[in-house]
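Asker: The structure's right below; bear with me while I get my questions together.
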Amino acid sequence: MAPRPRVSPLTQRLRRLPNPRFTGLGAGLFATATMLGVGFLDRLLLDGAPLVYGVLFLPVSAVTALWVRTADLVTAPISVPIAFAVGAYPIAGGTGGFGGQTMALVTTLAVHAGWLYGGTLIAGLIASVRKVRQMARRQNAREAAVRAGAIRAGATAYRAAGPRTSPGPSPRPGPGARSRAPGPTVPRAVRRG
């Protein structure tokens with residue numbers, strides 16, 4: 001038996017982390033709720049510092065892309081910018097009613113678009129890598145199934161053929177033995193009558 005490959009301590013720690021699988025909607029709700037909470041905490045504790053909000057957006061984007069189901073990978077880069085926009089509402093400030101707050105939010109999104117693009121890029125890259133790995137696993141599984149099917153088909157054909165005797169040299173007739181001339185062949189159906 002071959003020795004098992006050594007696993008690094010970092011990999012062991014990462015395997016112990018929770019590994020939930022969100023649906024596309026669940027991943028969007030997770031990212032939105034997390035960023036809204038970050039926005040309110042940022043406004044409460046740091047008076048709405050956009051730098052802290054932007055820096056915390058990057059790991060939320062990565063975690064969202066890591067925790068979404070494989071079937072819903074396309075939703076991660078879509079839901080992350082929405083979460084950024086919703087979570088930016090508390091730190092945007094703005095006065096003068098709905099119009100003033102909306103303009104403050106649009107200004108905040110425009111000024112801090114670098115964080116928005118960075119988080120979306122992170123989510124898109126992680127989702128793309130996961131999709132490529134999933135496609136490679138499926139291809140390997142298909143090839144293994146084809147190989148296993150071919151082996152099974154070969155074994156079945158071998159068993160169906162039955163034991164075979166290798167054609168060796170025919171025994172030579174001894175001295176005094178008469179050689180038989182081949183006679184006409186009669187089909188079995190006729191012989192049975």
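Asker: Does region 5-24 contain at least one residue that is buried (at least 18 other Cβ atoms within 10 Å of the Cβ), in a helix (DSSP H, G or I) and of a type in the set (S, T, N, Q)?
Answerer: No, region 5-24 has no match at all.
Asker: Quick check on this structure: which one of L51, L44, L29 is in contact with a Ser or Thr (Cβ under 9 Å, 6 or more places away or on another chain), without any contact (Cβ under 8 Å) to a residue 40 or more places away in the chain, in a helix (DSSP H, G or I) and more than 14 Å from L121 (Cα to Cα)?
Answerer: Going through L51, L44, L29 in turn, the sole match is L29.
Asker: Now a separate question. Pick out the one residue from T64, T34, T95, T70 that is of a type in the set (S, T, Y), open to solvent by 30 Å² or more (accessible area, probe 1.4 Å) and modelled with pLDDT of 90 or more.
Answerer: T34
Asker: Still on this model: In region 73-92, how many are of a type outside the set (V, I, T), part of a helix (DSSP H, G or I) and either open to solvent by 30 Å² or more (accessible area, probe 1.4 Å) or under 18 Å from G118 (Cβ atoms) (or both)?
Answerer: Result for region 73-92: 9.
Asker: Then there's this: Go through region 98-123 and report how many residues are in a helix (DSSP H, G or I) and either in contact with a Cys (Cβ under 8 Å, 6 or more places away or on another chain) or open to solvent by less than 50 Å² (accessible area, probe 1.4 Å) (or both).
Answerer: 12
Asker: Go through region 37-58 and give me each residue that's open to solvent by 50 Å² or more (accessible area, probe 1.4 Å) and closer than 20 Å to L109 by Cβ.
Answerer: Scanning region 37-58 gives F40, L41, R43, L46, D47, L51, V52, V55, L56.
Asker: Which residue, of A157, A150, A177, is over 38 Å from the mean Cα position of the chain (by Cα), of a type in the set (A, V, I, L, M), at pLDDT below 85 and open to solvent by less than 100 Å² (accessible area, probe 1.4 Å)?
Answerer: After applying the criteria, what remains is A177.
The values are calculated or read from the model by the stated rules, or taken from the named source; none is laboratory data. Everything numeric in this text was worked out from a predicted model, so none of it was measured. Cβ coordinates were reconstructed from backbone atoms using ideal geometry, including for glycine residues, and neighbour counts include every protein chain displayed. SASA here: full protein model, heavy atoms, side chains in, ligands and nucleic acids out. Shrake-Rupley method; radii C 1.70, N 1.55, O 1.52, S 1.80 Å.
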